[in-house]
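Engineer: The structure that follows is given in the form of structure tokens.
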Amino acid sequence: MIEIEGITKRYDATTVVDDVSMLIEPRTIAVIVGTSGSGKTTLLRMINRLVEPSSGVIKLDGADNRSLPGYELRRSIGYAIQGHGLFPHRTVAQNIATVPVLLGWDKARIKARVDELMTLYQLDPEAFGPRYPHELSGGQQQRVGVARALAAEPNVLLMDEPFGALDPIIRNKAQEDLLAIQKRFGTTIILVTHDMEEAVHMGDKIAVMDAGKLVQYAKPAEILAKPASAFVETLVGASEKPFRLLSLGRVRDAVEKGTAEGEAIPGDASQRDALAELLWSGRPALPVKGDDGKPLGRVTVDGLVKRAARPA
Amino acid sequence: MKEAGIKTWLPSLLRLALVVLLVAFVTNPGWFEPLLKPLTENNAPAIYNQGSLLTLTLLHLRTVLIATVAATIVAVALAILVTRPAGVEFLPLSRSLVNIGQTFPPVAVLALAVPAVGFGEKPTLIALFLYGLLPIFENALTGLTTLPANVVEAARGAGMTGWQRLTKVELPLSAPIILGGIRLSVVISLATATIGSTVAAKTLGEVIIAGLLSNNLAFVLQGGLIVAALAVLIYDGLSAIERYTARRMGREAE
Ligand SMILES: Nc1ncnc2c1ncn2[C@@H]1O[C@H](COP(=O)(O)OP(=O)(O)OP(=O)(O)O)[C@@H](O)[C@H]1O
Ligand SMILES: [Mg+2]
């Protein structure tokens, strides 16, 4: 659990983070969104004390984050810096191994972990491990940056726009991988992004920042349904709202009785994908199948359209 | 294709030829006597005969090496000190100290050092040391203050201590630039070391001075040429090392 209590950061006369309080439940993902310069990075960096707050307290699992020396605190927290920040003079494998080496893991364990992460991020350890960062594409560098943050299996992970340079396909994959890792290890993640789509998809809760202030901190559905201000409304994108709302739900939760023609859609797919498929194929209904392939029923355009409406 | 071949081979070939020539000259100067003879008058010796050229060359190099190593250690340590948060206030002071070392004429340093430490190698070492400081210090400062900010931040974010950041990230990344300073300093020292012979230091300056005193152009020329050849070769070698480290540190674009 991360408790941020009345955190303020001032540089001379300008307040870049203004009295922010938020509570991040253990094993959840909090996504911070906001315009450029709104203080997202600064807030994130006060958690691992790369920036010291002007006032306020941050507690990790109940303990003040100032109770440890800064460097020890930071070894226990994964940090994917904005723009990857890989060490140009170290190979990809050495970059990923940074924190495990600092923690004094033995060689075999480090190698196993590096290979595991590289494989997860589709970088062949044999081919890419000995390369230097400048020999990688921007997207590959970014994945190495994320792998480096994950290397020591931290309980808390801070990620500053980690998927910005990835193409949609790899980004999707990286998001799914991160969700899988988060579920498996119960990692608490704070992720900064500019991409509302990503925020709605990844976040258990979304924090919206504007000019240093936290203007809304709530579940994605609530942010979409009840934006706290015109600013949040604009950020969410008025014309996108119904689709973002649908993207939060699974098809299995929208199943109706009955049957339909054509190929079945898996119950795990998002309702948005189902609606897209229905609209594109011009059909009124689609069959739905469970994980085991057995028919669950059908989804209809009418049913999904109702769900896309503003919640009461 | 052929042209590219020549372009890449020619410099190496010239370098090799220069090395061979230099080694041959300092080990067997007698071979070159016919070449230098026309420069002498009254049947004066064409080859330096008051000591071995090889010994003088090695002593010359030793003096430069000792002075450069000392200057490197002090200059880099100073640059590290003034780029730490605790030392920033000393930055202007250390800059001016090092600048004074540079503006003081080397002859004056020698003149002042002799009464204090006596004749011989010591005053020369002091002069070369002071002269070598500035380029190394300036470059080390440039290197340590122009590191890519988010790489240094990533090092902090990973939980490196100040010392670990310095030794694992900051110094390796500054190495090519620091080496550039060392290269400049060495070349300056190679030339400056010759004046050390005015206070009885055993350097190649001895050959030049002997030539000047006896009006023997052959001596002056051979002393000067050996120093020049050493400077070119060492400059070249250090440049190559510098390029190699720059590539390794991923800083070649700069
Ligand atoms: N060290 C500093 N000194 C002075 N001002 C700073 C410093 N660091 C950040 N700021 C200012 O604080 C504000 C917030 O910066 P921050 O990096 O937190 O923004 P951000 O929300 O992460 O923006 P982006 O989306 O562009 O990354 C900016 O106006 C920035 O100029
Ligand atoms: Mg930022």
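The values are calculated or read from the model by the stated rules, or taken from the named source; none is laboratory data. Please read these numbers as outputs of a predicted model, since none were measured by experiment. No Cβ is skipped: glycine too gets one built from the backbone with ideal geometry, and neighbour counts run over all protein chains shown. Each accessible area value is taken on the protein alone, full model and side chains, heavy atoms only, with ligands, DNA and RNA left out. Shrake-Rupley method; radii C 1.70, N 1.55, O 1.52, S 1.80 Å.
Engineer: Where in the range A:51-149 are the helices (runs of 4 or more DSSP H), entirely inside, with at least 1 residues that are more than 21 Å from the chain's Cα centre (by Cα) and within 11 Å of chain B (Cβ to nearest Cβ)?
Structural biologist: By residue number, A:70-75, A:92-96, A:98-103.
Engineer: Which of the residues spanning the range B:134-154 are open to solvent by 20 Å² or more (accessible area, probe 1.4 Å) and more than 13 Å from every other protein chain (Cβ to nearest Cβ)? So that I can check it myself, show each step before the final result.
Structural biologist: Initial filter on the range B:134-154 (open to solvent by 20 Å² or more (accessible area, probe 1.4 Å)): B:134, B:138-139, B:142, B:145-150, B:152-153.
B:Leu134, B:Glu138, B:Asn139, B:Thr142, B:Thr145, B:Thr146, listed by residue number.
Engineer: Of the numbered conditions (1) closer than 22 Å to B:Ile209 by Cβ; (2) open to solvent by less than 50 Å² (accessible area, probe 1.4 Å), B:Leu39 satisfies every one except a single condition; which is it?
Structural biologist: (2)
Engineer: For the range A:19-40, give me each residue that is within 16 Å of ligand 2 (Cβ to nearest atom) and open to solvent by 40 Å² or more (accessible area, probe 1.4 Å).
Structural biologist: Scanning the range A:19-40 gives A:Thr35, A:Ser36, A:Gly37.
Engineer: May I pose another question? Could you check the range A:209-238 and list, in sequence order, the residues that are open to solvent by 60 Å² or more (accessible area, probe 1.4 Å) and within 22 Å of A:Leu44 (Cα to Cα)?
Structural biologist: A:Ala211, A:Lys213, A:Lys219
Conditions (1) modelled with pLDDT of 85 or more; (2) of a type in the set (S, T, N, Q); (3) outside any helix (DSSP H, G or I), marked per residue:
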{"site": "B:Phe32", "(1), (2), (3)": "yes, no, no"}
{"site": "B:Leu36", "(1), (2), (3)": "yes, no, no"}
{"site": "B:Asn43", "(1), (2), (3)": "no, yes, yes"}
{"site": "B:Tyr48", "(1), (2), (3)": "yes, no, yes"}
{"site": "B:Thr55", "(1), (2), (3)": "yes, yes, no"}
{"site": "B:Thr63", "(1), (2), (3)": "yes, yes, no"}
{"site": "B:Thr68", "(1), (2), (3)": "yes, yes, no"}
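Engineer: Something else: Just wondering, is there one or more residues in the range B:182-192 that are modelled with pLDDT under 90, among the small types (Gly, Ala, Ser) and within 27 Å of B:Ile226 (Cα to Cα)?
Structural biologist: No, the conditions are met nowhere in the range B:182-192.
Engineer: Suppose we filter the range A:46-81 for residues that are within 14 Å of ligand 2 (Cβ to nearest atom) and open to solvent by 40 Å² or more (accessible area, probe 1.4 Å); how many remain?
Structural biologist: 0
Engineer: Name the pairs whose Cβ atoms lie under 9 Å apart, with the first residue in the range A:48-62 and closer than 20 Å to A:Gly78 by Cα, the second of a type in the set (Asp, Glu) and within 16 Å of ligand 2 (Cβ to nearest atom), and 6 or more positions between them or separate chains?
Structural biologist: If the second residue must be of a type in the set (Asp, Glu) and within 16 Å of ligand 2 (Cβ to nearest atom), the pairs left are A:Leu50/B:Glu153.
Engineer: Does A:Arg252 satisfy the condition of being in a helix (DSSP H, G or I) and charged (D, E, K, R)? It would help to see each step written out before you state the result.
Structural biologist: Working: in a helix (DSSP H, G or I): yes; charged (D, E, K, R): yes.
Against the criterion (in a helix (DSSP H, G or I) and charged (D, E, K, R)), A:Arg252 qualifies.
Engineer: Limited to the range B:209-254, what total is found for residues that are of a type in the set (A, V, I, L, M, F, W, C), open to solvent by less than 50 Å² (accessible area, probe 1.4 Å) and within 14 Å of chain A (Cβ to nearest Cβ)?
Structural biologist: Counting residues in the range B:209-254 that are of a type in the set (A, V, I, L, M, F, W, C), open to solvent by less than 50 Å² (accessible area, probe 1.4 Å) and within 14 Å of chain A (Cβ to nearest Cβ) gives 2.
Engineer: I've got another one for you. Which condition from (1) modelled with pLDDT of 90 or more; (2) among the aliphatic types (A, V, I, L, M); (3) over 27 Å from B:Ile226 (Cβ atoms) is the one that B:Ile100 breaks?
Structural biologist: Result: B:Ile100 fails condition (1) only.
Engineer: Tally the residues that are among the small types (Gly, Ala, Ser) and open to solvent by 20 Å² or more (accessible area, probe 1.4 Å), restricting the search to the range A:153-175.
Structural biologist: Going through the range A:153-175 one residue at a time, the tally reaches 2.
Engineer: Take the range A:87-96 and flag every residue that is closer than 22 Å to B:Thr245 by Cβ and either within 16 Å of ligand 2 (Cβ to nearest atom) or open to solvent by less than 10 Å² (accessible area, probe 1.4 Å) (or both).
Structural biologist: A:Phe87, A:Val92, A:Asn95
Engineer: Same structure, new question: Scan (1) in a helix (DSSP H, G or I); (2) more than 15 Å from ligand 1 (Cβ to nearest atom) for the single condition A:Met46 breaks and write down its number.
Structural biologist: In the conditions (1) in a helix (DSSP H, G or I); (2) more than 15 Å from ligand 1 (Cβ to nearest atom), A:Met46 misses (2) alone.
Engineer: Sort through A:Val57, A:Val51, A:Val101 and tell me the only one that's modelled with pLDDT of 95 or more, assigned by TED's automatic domain parsing to the domain that holds A:Phe128 and within 16 Å of ligand 1 (Cβ to nearest atom). Talk me through it step by step, then tell me what you get.
Structural biologist: On the way: A:Val57 fails: within 16 Å of ligand 1 (Cβ to nearest atom); A:Val101 fails: within 16 Å of ligand 1 (Cβ to nearest atom).
Going through A:Val57, A:Val51, A:Val101 in turn, just one is modelled with pLDDT of 95 or more, assigned by TED's automatic domain parsing to the domain that holds A:Phe128 and within 16 Å of ligand 1 (Cβ to nearest atom): A:Val51.
Engineer: Could I ask something else about it? Looking only at the range A:157-169, how many residues end up being touching a helix residue (DSSP H, G or I) at 6+ places or on another chain (Cβ under 8 Å), modelled with pLDDT under 95 and more than 16 Å from ligand 1 (Cβ to nearest atom)?
Structural biologist: Total meeting the criteria: 2.
Engineer: Criterion first (within 9 Å of ligand 1 (Cβ to nearest atom), in contact (Cβ under 8 Å) with a residue 40 or more places away in the chain and more than 14 Å from every other protein chain (Cβ to nearest Cβ)) does A:Thr41 satisfy it?
Structural biologist: The answer is no for A:Thr41.
Engineer: If you don't mind, there's one more thing I want to ask. So is B:Gly181 closer than 28 Å to B:Leu16 by Cα and not basic (Lys, Arg) or not?
Structural biologist: Working: closer than 28 Å to B:Leu16 by Cα: yes; not basic (Lys, Arg): yes.
Here the answer is yes, as B:Gly181 does meet what is asked.
Engineer: Scan A:Lys241, A:Lys213 and give me the residue that is under 22 Å from the mean Cα position of the chain (by Cα) and within 19 Å of A:Met22 (Cα to Cα).
Structural biologist: A:Lys213
Engineer: While we're looking at this one, here's another question. Scan the range A:193-212 residue by residue and report those that are within 12 Å of ligand 1 (Cβ to nearest atom) and over 19 Å from A:Ala238 (Cα atoms).
Structural biologist: Residues satisfying the conditions are A:Ala211, A:Gly212.
Engineer: I've got another one for you. It is to be established whether one or more residues within the range A:71-84 are within 21 Å of A:Val208 (Cα to Cα), of a type in the set (S, T, N, Q) and within 16 Å of ligand 1 (Cβ to nearest atom). First the steps, then the outcome.
Structural biologist: Looking only at the range A:71-84, we keep the residues that are within 21 Å of A:Val208 (Cα to Cα), and these are A:79-82.
With of a type in the set (S, T, N, Q) added as a condition, the list becomes A:82.
Checking which are within 16 Å of ligand 1 (Cβ to nearest atom) leaves us with A:82.
Within the range A:71-84, one or more residues are within 21 Å of A:Val208 (Cα to Cα), of a type in the set (S, T, N, Q) and within 16 Å of ligand 1 (Cβ to nearest atom).
Engineer: Scan the range A:1-18 residue by residue and report those that are surrounded by fewer than 20 Cβ atoms within 10 Å (Cβ to Cβ) and not aliphatic (A, V, I, L, M).
Structural biologist: Matches in the range A:1-18: A:Glu3, A:Glu5, A:Gly6, A:Thr8, A:Arg10, A:Tyr11, A:Asp12, A:Thr14, A:Thr15, A:Asp18.
Engineer: While we're here: What are the residues in the range A:103-124 that are out of contact with any Lys or Arg (no Cβ under 6 Å at 6 or more places or on another chain) and open to solvent by less than 30 Å² (accessible area, probe 1.4 Å), if any?
Structural biologist: A:Ile110, A:Arg113, A:Val114, A:Leu117, A:Met118, A:Leu123
Engineer: Quick one: which residue in A:Lys205, A:Lys241 is open to solvent by 10 Å² or more (accessible area, probe 1.4 Å), closer than 20 Å to A:Ile4 by Cα and touching a residue at least 12 places away in the same chain (Cβ under 8 Å)?
Structural biologist: One residue alone meets the criteria, A:Lys205.
Engineer: List the pairs whose first member sits in the range B:8-30 and is open to solvent by 60 Å² or more (accessible area, probe 1.4 Å), whose second member is not hydroxyl-bearing (Ser, Thr, Tyr), and whose Cβ atoms are under 6 Å apart, counting only residues at least 6 apart or on separate chains?
Structural biologist: These pairs meet every condition: B:Thr27/B:Leu54.
Engineer: Between residues in the range B:155-171 that are open to solvent by less than 40 Å² (accessible area, probe 1.4 Å) and residues that are β-branched (Val, Ile, Thr), which pairs lie under 6 Å by C-beta distance while being six or more apart or on different chains?
Structural biologist: That search, which allows pairs on different chains as well, returns B:Ala155/B:Val169; B:Gly157/A:Ile81; B:Ala158/A:Thr98; B:Ala158/A:Val99.
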